[in-house]
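Before any comments, here is the structure.
Taken together, the values in this text are just the output of simple stated rules run on the coordinates, not laboratory data. Since this is a predicted model, take the numbers as computed values, not measurements. When we count neighbours, we look across all protein chains shown, and the Cβ atoms used for this are built from the backbone with ideal geometry, even at glycine.
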Amino acid sequence: MSARLTVWAPDGMGEVRPGDDLATLVGDLLDAEGLTEADVVVVTSKVVSKAEGRVVAADDREQAITDETVRVVATRARPGAAPLRIVENRLGLVMAAAGVDASNTPAGTVLLLPVDPDASARALREALRARFGIDRLGVVVTDTAGRAWRDGLVDIAIGAAGVAVVDDLRGGVDAHGRPLSVTVTAVVDEIAAASELVRGKAAGRPVAVVRGLGRHVPSGWSNDGGARRLVRGGPDDLFREGVAEAYARGHADGVAGLTPRP
């Protein structure tokens, strides 16, 4: 028996503005093909942020990045340009420029990430379930991020509702009968990346539908922590600082007569 996944992104979404009812815009966009049980609707954080009024005046994007930063992970000087900053933002996400976006937004403004992407996903899910008369529906809110040790960008999930965030295979066995002890698949990140292949970065298609993931879209879903549970922090974060930042902190600790922190 074969497995099949269908992903499509409809054309026709116009410019989203602060105060727009995003659920209505998305529902209108999907009316032609409709939604069925166990579909997953994927939306970019950009349109969520615009609808939620996260467009802010900022002549200097660098100041907006500073304002959204809670911890600097690494910096790198770039001749003729502002330094590259990898930081942890208010959502706990570690990414370049704190997720502050200056593209596809009016001059003199920048776009911040949603205040609570998981809550945004839950609200959109409830509205679409009611509109299309279905029970099992997943919603994923995505953003674009780089990856340590890999060139290129991918979309990741920063908000999710109605869909299993992870597929925990620990305790099972592989095809050869060997026990699985560490395999936890980030389902919503895989959904986000797959959807970007049909949405594109500059094609004006911020919404996609993924069909064929029935086992990951449970009936009677309840809040399981959303995409935020994928954020790795605390003692599990082995790379909390860049080399320069770790060296500077260790030197400062040494001068102060302190034992350098691990």
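About the Cα centre, and with charges only on the beta carbon of Lys, Arg (+1) and Asp, Glu (-1), how big is the dipole of the chain? Nearest 20 debye, please. Write out the running numbers ahead of the final one.
On the way: 31 positive and 36 negative charges, 108 e Å.
It works out to roughly 520 debye.
Return one number: the angle in degrees, 0 to 90 and rounded to the nearest 10, between the long axis of the Cα atoms of helix 117-132 and the longest principal axis of the Cα atoms of the chain.
Relative to the chain, helix 117-132 is tipped by roughly 10 degrees.
To the nearest 10 degrees, how steep is helix 243-255 against the longest Cα principal axis of the chain, on a 0 to 90 scale?
So the helix axis and the longest Cα principal axis differ by about 40 degrees.
Nearest 5 is fine: what % of DSSP beta bridges in segment 1-144 come out antiparallel, could you say? If you can, show how the numbers build up before the last one.
Details: 14 of 20 bridges.
The antiparallel fraction comes to roughly 70 percent.
Which is farthest toward the positive dipole end of segment 1-72 among G19, V47, T69, measuring Cα position about the Cα centre, with Cβ charges +1 (Lys, Arg) and -1 (Asp, Glu)?
It is T69.
Where does each of 115-122, 177-184 land if you order them by average Cβ count within 10 Å, highest first? Mind dumping the intermediate values first?
On the way: 115-122: 20.8, 177-184: 9.5.
Packing proxy ranking, top to bottom: 115-122, 177-184.
If you fit an axis through the alpha-carbon atoms of helix 187-199 and take the longest principal axis of the Cα set of the chain, what angle between them do you get, 0 to 90°, nearest 10?
With rounding to tens, the tilt is 70 degrees.
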